[in-house]
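Written out below as structure tokens is the structure these notes cover.
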Amino acid sequence: MPFTLRDATLADISAITDIYSESVRNGVATYEIAIPDQAEMTTRFSTITGNSYPYIVAQDDDGTVIGYAYASAFRTRSAYRFLVEDSIYLAPEARGRGVGKALLTELIARCTDLGFRQMVAVIGGAHPASIAVHRSTGFVDCGTLKGSGFKFGRWLDTTFMQLALGDGLETVPADGVYPDTLYAG
């Protein structure tokens, strides 16, 4: 399945909403149970991109959005400003075809270029495919929260993984330059 990556736009929100809705209905990548509508997904998109976090889509040769990924705040406390959390969602037909790894690889590169120092993956349901794609890009296991979610009538574990970006912990980040300016105060 040939595909290309590009920045997401507001015009992609309908496709993003459809992909996410399928994940809420049928998957454990998100612990959300009520499907958010397009207006809510637009608000989420605007909040993420409004803080200059990367948000990208994969589209097939026909221009159909088949997956998306974004980085966002792990927590909005100021001390966390150099840490991002990744999120990746794929349409069913895009799974197992390298789309997720391509999105994650691009997201890592963009977050590194922006000056972030750490990326965390919070993997719902400790999903083996998601763990594998993160491991393949250098993420390491940080721990598992047993029975942290309850969906589809069963308890779900949440796996945390982490990747150092750029200089990681080796140097002090620059003052007054993004992402240092996030959540100041």
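Quick note: the coordinates plus some simple rules give every number you see, no bench work behind them. Being a predicted model, the structure only gives us computed values, none of them experimental.
Rounded to two decimals, the Cα radius of gyration of segment 55-115 over 2.2 N^0.38 Å is 1.25. Taking Thr47, Thr105, Thr17 in turn, the Gaussian network model of the chain (Cα-Cα springs below 10 Å) assigns the largest fluctuation to Thr47. Under 10 Å, Cα contacts only: if you run a Gaussian network model on the chain, which one of Phe45, Phe150, Phe82 comes out with the highest mean-square fluctuation? Answer for the Gaussian network model of the chain: Phe150.
Once C-alpha pairs closer than 8 Å and six or more residues apart are averaged by separation and normalised to the residue number of the chain, the relative contact order reads 20 percent. Working note: Cα gyration tensor of segment 113-185, eigenvalues times five, square-rooted, sorted largest first, giving semi-axes of 30, 15, 9 Å.
Potential lengthening of the chain between Thr76 and Lys146 amounts to 22.7 nm, from the contour at 0.36 nm per residue minus the alpha-carbon distance.
In segment 11-68, the alpha-carbon atoms span a convex hull of 91 Å³ per residue.
May I ask you to compute the full-extension gain from Thr42 to Leu10, defined as 0.36 nm times their residue separation minus their alpha-carbon distance, rounded to one decimal in nm? Before the final figure, lay out the partial values.
Values: separation 32, 0.36 × 32 = 11.52 nm, distance 0.72 nm.
Taking 0.36 nm per residue and subtracting the Cα distance, the gain is 10.8 nm.
Note on segment 37-84: Cα convex hull, mean projected area over all directions, 4.2 nm². Largest mean-square fluctuation among Val140, Val57, Val120, in a Gaussian network model of the chain whose springs join Cα atoms under 10 Å apart, belongs to Val140.
Net length available on complete extension from Glu170 to Arg95 is 23.4 nm, with 0.36 nm assigned per residue and the Cα-Cα distance removed. Note: the chain, Cα convex hull, 119 Å³ per residue.
Scaled to the compact-protein estimate 2.2 N^0.38 Å, what is the alpha-carbon radius of gyration of segment 1-98, rounded to two decimal places?
Numbers: Rg = 13.6 Å, N = 98, 2.2 N^0.38 = 12.6 Å.
Normalised Rg, Cα atoms only: 1.08.
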